[in-house]
Amino acid sequence: MKSRCDWAEGQFEEYITYHDEEWGVPVHDDKTHFEFLILEGAQAGLSWATVLKKREGYRRAFADFDVEKVAAYNEAQIQELILNPEIIRNKLKIRGSVLNAKQFIEVQKEFGTFDNYIWSFVNGKPIINHWKKMENCPATTKESDALSKDLKKRGFKFVGSTIIYAHMQACGLVNDHLVSCFRHAQG
């Protein structure tokens, strides 16, 4: 039996698969970064399990995370999303996702890719931590603070430091797998 991070033990199959195959794997694809910005923003105040169970609904609702299409959503489309039971129907989070799509495109224009932008906050390589217990893992860091502050300055919503640190963990900018977890050494 594989040893996993505490938070993944005893969870439903998609949760374990997410831990084993995605969480902490370095992402260099803008579409995936955009997906996780939407999903992490949706999670604010909720559990990751809640969001993960609605992930397929988010894919359908947000045009398979096509940033150009989401940035072009009009008021009628936003109202449809607010009524969509397949996603978390929080008006502010939904409007924030559409706004963030527009800001995401602006970052792409300035930096070539969102990936170039976000990885610059960790000097282009993952921060590898060596936690023995999940309670030692911080909710924010100076890097997430700096990235959050810059995103807010650029007009992004739902990008507080805790949300951004979760994004950094999910997208492998930080490896916070416990040292006892089989994924820690895999990075």
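Across region 66-180, how many lysine pairs, 8 or more apart or on two chains, come within less than 12 Å at their alpha-carbon atoms? Can you show the working numbers first?
Values: 69/102; 93/157; 102/157; 149/157.
Lysine pair count for region 66-180: 4.
You can think of it this way: the chain between residue 3 and residue 125 has 41.4 nm of extra reach, that is 0.36 nm per residue less the Cα-Cα gap. Rounded to the nearest Hz, the phi-derived 3J(HN,Hα) couplings of region 99-111 under the Karplus curve 6.51 cos²θ - 1.76 cosθ + 1.60 (θ = phi - 60°) are 4, 4, 4, 5, 5, 4, 4, 4, 5, 4, 4, 6, 10, where x marks glycine and proline.
Taking the helices alone, the chain has a mean residue ellipticity at 222 nm of -15500 deg cm²/dmol, built from -39,500 (n - 2.57) per DSSP H run of at least 4 residues and averaged over all its residues.
Test of understanding: in a Gaussian network model of the chain with alpha carbons linked when under 10 Å, which of 103, 169, 79 would top the mean-square fluctuation ranking? Highest fluctuation among the options: 79.
Per-residue 3J(HN,Hα) values for region 25-32, derived from phi via the Karplus relation 6.51 cos²θ - 1.76 cosθ + 1.60 with θ = phi - 60°, read 7, x, 9, 10, 10, 4, 4, 5 Hz in sequence order (x marks Gly and Pro). Amide H contacts under 5 Å for residue 44: none, restricted to partners 5 or more places along the chain or on a different chain, H placed in the peptide plane at 1.01 Å from N.
Give me the compactness ratio for the chain, meaning the Cα radius of gyration over 2.2 N^0.38 Å. Before the final figure, lay out each step's value.
Details: Rg = 16.2 Å, N = 187, 2.2 N^0.38 = 16.1 Å.
Normalised Rg, Cα atoms only: 1.01.
Under 5 Å from the amide H of residue 128 lie the amide H atoms of 175, each residue being 5 or more positions distant or on a separate chain, with H modelled from the backbone and absent for Pro and chain starts.
The slack between residue 134 and residue 47, meaning 0.36 nm per residue of separation minus the straight C-alpha distance, is 29.7 nm. Heavy-atom surface analysis with a 1.4 Å probe gives the chain a carbon and sulfur content of 52 percent of its accessible area. Its Kirkwood hydrodynamic radius, worked out from the mean inverse distance over all distinct Cα pairs, puts region 112-187 at 12.9 Å.
The string of couplings for region 45-62 from the Karplus curve (6.51, -1.76, 1.60, θ = phi - 60°) is x, 10, 8, 5, 4, 4, 5, 4, 5, 9, 4, 5, x, 5, 4, 5, 5, 10 Hz, one whole number per residue in order, with x for Gly and Pro.
The values are calculated or read from the model by the stated rules, or taken from the named source; none is laboratory data. Note that this is a predicted model, so its numbers are computed, not measured. All accessible areas refer to the heavy atoms of the entire protein, side chains included, with ligands and DNA or RNA removed. Shrake-Rupley method; radii C 1.70, N 1.55, O 1.52, S 1.80 Å.
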